[in-house]
Structures are given as C-alpha cells and as structure tokens.
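The values are calculated or read from the model by the stated rules, or taken from the named source; none is laboratory data. Small disclaimer: the values here were computed from a predicted structure and weren't measured. Note that we place each Cβ from the backbone using ideal geometry, even for glycine, and neighbour counts take in every protein chain shown.
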Amino acid sequence: MTDAIIVEGVRKRYGEKRALDGLDLVAAGGTVHGVLGPNGAGKTTAVRIMATLLRADEGRVEIAGYDAGRQAGEVRRRIGLLGQHAAVDEELSGWQNLEMFGRLYHLGGRQARVRAGELLDRFGLADTGRKAVKQYSGGMRRRLDLAASLITEPAVLFLDEPTTGLDPRGRAEVWDAVRSLVGGGTTVLLTTQYLEEADQLADRISLIDHGRVIAEGTADDLKARLGGDRIDVVVRDGAHLVRAARLLPGAGTQHDDVTVDADRRLASAPVTDRMEALTRVVRALQEEGIEAEDIAVRRPTLDEVFLRLTGRTEDAADAKDADRTKEAV
C-alpha cells in the first residue's frame, strides 16, 4: 500500500516555543490516521504544514507523492481540509453552498451543479439541500462541511477536530461520513480531542507530545502497553469504595496499580487472568459484605493510555497550541 503522507524530522518554532520538534509520521493510502495529543502538542501546526498553510523550519513533508515545500501547488490540488469551525454560509442553502464552492474551484456552472447534487446524495443531505443551512443540525452542518471539502475529490483529507461541539448523534453522523470516504479510497488524517473517536475511526494512531511522536500503532497496540485487561468494580455505597479497592488484584503490593474514582464509586486494577480475577473479586466482595452495582473485565481505554504516556489530560495541559495564536500564512 502506497504511503499517502510522509513526515520526516519536521520542526517548527514560534519564537522560543517549539511547536514541532522532529515530528515523524507516515499514513498509508486509503486509511484513517489519527493524531492525538494534549493541548500544546502541535497537532494543528502539523496539519497546517501538511496542508501547505505553514512552512516547516526543517524536515520533509510529502503528500500524495509531492513535496509540500517545493510543490505546494500540486499538493493543494490533491487535498481537502476541514477545520474546527464551519466554513459554510448559513444564509445559503446546502445546494447553493456546494455550488459556490464548485465555482471557487473553477468548475463550470453545469459541472458545479452536478457535483453539488452528487455530494448532497452522498452525505444524506439531498432532502434538505434546498433549505438554508441555518436550519441544519450541528451534524448536518459538519456533513455539509465535509462535502464542501470534497468538491475536487481529494486524495488526502485533513480533518482537524471535526466533531468539536457536536452532540453524540452529530458525532456519529460525521463518523459514518468519514468511513464512507475511506471506503472510497480517500486517505484521512484526523486530529481529535475525543479519544473514543480515534478508537472508532483510526487504522493507526500517532500520539504526540511536545512536538514529536511518543507512541504509534493501532488502538489495540497502544492499549497493550498498559499490560492487558482491567477489572472495574462500582460499589453501591461510596463509603465502601476504599475497602473494595483493597480486594482487587495487586492491591497493597509493590506493583500496586489500583485506581480509585470517588465520584463514580469506581475501583479499577489490571488483571492477567480474566475469569480467575472476576471469580476471586466477586467472592471477596461477598465475604466482606460489600454490594457491587457493577463488575466488569475490559480492555484498557485510549484515555488510560493517553494519561499514562503523557502524564496529563487534554483539559489540564499547561499550554495551548502556539499555532492557535498565529494566523495561517
């Protein structure tokens, strides 16, 4: 499979701030490649460089076989970009928006109308295509945004946090649209703050921090770094949470990795033998007279991988992306 995106040793500075510090990333054609990282990790800077909106200080970027630094025009003819904020005109209808974008891309009048109709059908907007966009739901607007980014059928599509601010239904609508794109052969690079989104969509994931990749692989590869399965116990009475945590595998040992969430009345610990651990914990809780509201053995989540590898959450990061204070050039 041909690599559609190749990023090698890319560096970018804003004054004393290193937004990217030797970033390496490869995305295979016809796949979704997720990019995760805390605020300040350089996700948006990376996308802007790949989309030729910024120039790297050092390194090489190749998109769809063309050098983003030396052949920016060729790259732009082969990419689409969907940012964090809607780029459609709310006073126009969905059809009028797509026709307008078609004309901006130098399509003839008839060709722009035909392409608008094709995209409205493809994204399930044909029935509402004549309505003003201000009457659309959040998910419909983002699907229209996606449609607009595909006017020229790009080989590579950059999605920078495409579902920010959407409700669960709107996010699901966008996810379905992305899957459809990849099924048609488009390569998607996705940056997101929703770890579940990367888990659902991405074939491979690059976790970046301080401007470089600190881990890469499939979602299962990254989860395996936490050492297998975990057992979760939710107690009915929060007063029993600490006692319940002491009954979990590994509690009180040198390698104690039990976590406690008082707000959710949840205690969690890693396990090696799923059935043995489940049986032992159920028996121990019964013997101690602790009533459990829920007990489950599960794989680690990307949230847990994220926290373990970066040591911080998205919301608690100590700085925002430097590129958020800069205008695209």
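On the basis of being on the phi < 0 side of the Ramachandran plot, in contact with a helix residue (DSSP H, G or I) (Cβ under 8 Å, 6 or more places away or on another chain) and in contact (Cβ under 8 Å) with a residue 60 or more places away in the chain, does residue 92 make the cut? So residue 92 does not fit the description; no. Residues in segment 1-29 that are outside any strand (DSSP E or B) and either touching a residue at least 24 places away in the same chain (Cβ under 8 Å) or not small (Gly, Ala, Ser) (or both) were compared, and the one that is surrounded by the most Cβ atoms within 10 Å (Cβ to Cβ) is 29. Taken over segment 30-41, the criterion of being modelled with pLDDT of 90 or more, in contact with a helix residue (DSSP H, G or I) (Cβ under 8 Å, 6 or more places away or on another chain) and surrounded by 21 or more Cβ atoms within 10 Å (Cβ to Cβ) is satisfied by 32, 34, 35. Of the strands (runs of 3 or more DSSP E) entirely within segment 149-226, those holding at least 1 residues that are of a type in the set (Gly, Ala, Ser) occupy 204-209, 212-217. Scan segment 227-261 residue by residue and report those that are aliphatic (A, V, I, L, M) and not in a loop (DSSP other than H, G, I, E, B). Passing the criteria: 231, 233, 234, 235, 239, 241, 242, 244, 245, 260.
In segment 232-254, of all residues being in contact with a strand residue (DSSP E or B) (Cβ under 9 Å, 6 or more places away or on another chain) and at pLDDT below 90, the one that is surrounded by the most Cβ atoms within 10 Å (Cβ to Cβ) corresponds to 249. All of 296, 319 fail the test of being aliphatic (A, V, I, L, M), modelled with pLDDT under 50 and within 30 Å of residue 217 (Cα to Cα), apart from 319.
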